[in-house]
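Shown next, in structure tokens, is the structure this report addresses.
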Amino acid sequence: MDDLTNRYEETLTRIASAVRRYRPAVQSALPAVRLLAISKGHPAAAIRRLAELGQREFGENYLQEAAPKMAALQDLPLIWHYTGQIQGNKTRAIAAGFDWVHTVDRERTAQRLNEQRPVAATPINVCIQVRLEAEAGKGGIEPHEVAALADRFRDFPRLRLRGLMCIPAPRNGFEAQRIQFERLAECLYDLNRHGYALDTLSMGMSDDLEAAIAAGATLVRIGTALFGTRT
Ligand SMILES: *Cc1c(COP(=O)(O)O)cnc(C)c1O
């Protein structure tokens, strides 16, 4: 087996083991936790190889890098997630090319995506990015601001609000990681107690996916553990 095949199987095993260990009650519910392969920094050929192994969902952070890769893979039935920071002048390309956006953190961005989503396409799936701790340059709104932004989605029929996303600062130790992820889960439960039916917690990366799954992740975003080190 090649390295990519090995790492793909290892990653799926890590996810399955974490679900068995920490969330036995949801084992039978269909996809309790999905793998989102973060392919930034890796070529279209690696994405194609993973697609051959059965992976469908891929995440990219930079439009300039993503566009040629997406064009080269048009023959495949892939689901594309935008997981990078959003600059105002890039919303049109994101709205046209992606199925999901994980990093919406202001009303203006949501409004633009809503206006620019092509009418022929289904609504674009959106996660609000939440910043769990004050850190410069990270993106995301604070937990207490989430309800007000979520509320604005009523006016954005071309967007489908699916849930919340976070990128916590790296922490050593399972418990320290889990405490952060549980804060995001609390935000989602709060919204759902107030009438939403959100189904997505986008959290967990190569180094902390087990803690994220323990806290309720439904989508883990994995780059390095799958593709190896980025160049
Ligand atoms: C790069 C990136 C990942 C993947 O991180 P790894 O540690 O390589 O698994 C996940 N989410 C976002 C938003 C990223 O930018």
Count of residues meeting criterion [out of contact with any strand residue (DSSP E or B) (no Cβ under 9 Å at 6 or more places or on another chain) and not small (Gly, Ala, Ser)] in the stretch 92-110
3
Return the residues of the stretch 65-95 that are assigned to a helix (DSSP H, G or I) and exposed (fewer than 14 other Cβ atoms within 10 Å of the Cβ); say none if nothing qualifies.
67, 68, 71, 88, 89
Residue 148 meets each of (1) within 24 Å of residue 197 (Cβ to Cβ); (2) within 16 Å of the ligand (Cβ to nearest atom) with one exception, condition (2)
Take the residues in the stretch 190-214 that are surrounded by 14 or more Cβ atoms within 10 Å (Cβ to Cβ) and more than 16 Å from the ligand (Cβ to nearest atom), then tell me which one is nearest to residue 42 (Cα to Cα).
214
If only one of 227, 156, 181 is within 16 Å of the ligand (Cβ to nearest atom), among the aromatic types (Phe, Trp, Tyr) and more than 22 Å from residue 24 (Cα to Cα), which one is it?
227
Count - residues of the stretch 187-209 that are more than 14 Å from the chain's Cα centre (by Cα) and free of Cβ contacts under 8 Å to residues at least 24 places away in the same chain:
5
Whether any residue in the stretch 216-228 is of a type in the set (D, E, K, R) and not in a strand (DSSP E or B) is what I want to check.
no
Just one of the numbered conditions (1) more than 16 Å from the ligand (Cβ to nearest atom); (2) more than 20 Å from the chain's Cα centre (by Cα); (3) not aliphatic (A, V, I, L, M) is not true of residue 56; which one?
(2)
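Here's the yes/no breakdown for (1) under 18 Å from residue 220 (Cβ atoms); (2) more than 15 Å from the ligand (Cβ to nearest atom):
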{"position": "86", "(1), (2)": "no, no"}
{"position": "102", "(1), (2)": "yes, no"}
{"position": "119", "(1), (2)": "no, yes"}
{"position": "125", "(1), (2)": "yes, yes"}
{"position": "129", "(1), (2)": "yes, no"}
Pairs under 6 Å by beta carbon, first residue assigned to a loop (DSSP other than H, G, I, E, B) in the stretch 114-125, partner surrounded by 13 or more Cβ atoms within 10 Å (Cβ to Cβ) and of a type in the set (Val, Ile, Thr), six or more apart or different chains?
117/124
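We did not get these values from a lab; they are worked out from the coordinates using the rules stated. Bear in mind that the values here come from a model prediction, so they are computed numbers and not experimental data. All Cβ positions, glycine included, derive from the backbone under ideal geometry; neighbour counts span all protein chains shown.
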